[in-house]
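Notes follow the structure.
Any read-out appearing in this document is the output of simple, stated calculations on the displayed coordinates, not a laboratory observation. If you're wondering where the values come from, they're calculated on a predicted model, not measured in any experiment.
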Amino acid sequence: MITKHRASVAVVKSRDLHWGLLATKDHKDVSLASLRLLLVGDGANPWSLSSCDQFLSVFQAKGLRPDAVCPCASSSECLTVSVRR
């Protein structure tokens, strides 16, 4: 959908990064060059920086900028959000 609509911002769960890696062989014409911010948010659930780095290493060849991936964690009890930029 990012390629089709030339999206500049996307919000995903870390699980979506995993499924995106698995689907690379099914989708050859992916272009993430328009993406300026990929916010990886799972609320308070733990996500892995290594999965973000692995996603970046695979999709950098398809136009994903290294500074676009921003893992995020939040706490609804404290109304806080933490973003790694």
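Some notes on this structure:
- Relative contact order [Cα under 8 Å, 6+ residues apart], segment 9-83, whole percent: 36
- Euclidean distance between Cα centres, segment 1-38 to segment 50-85, Å: 13
- Straightening the chain between residue 75 and residue 19 buys 17.7 nm, computed as 0.36 nm per residue apart minus the Cα-Cα spacing.
- Among [x] 12.8; [y] 13.2; [z] 14.1, the entry derived from the coordinates for Kirkwood radius over Cα pairs in Å: [y]
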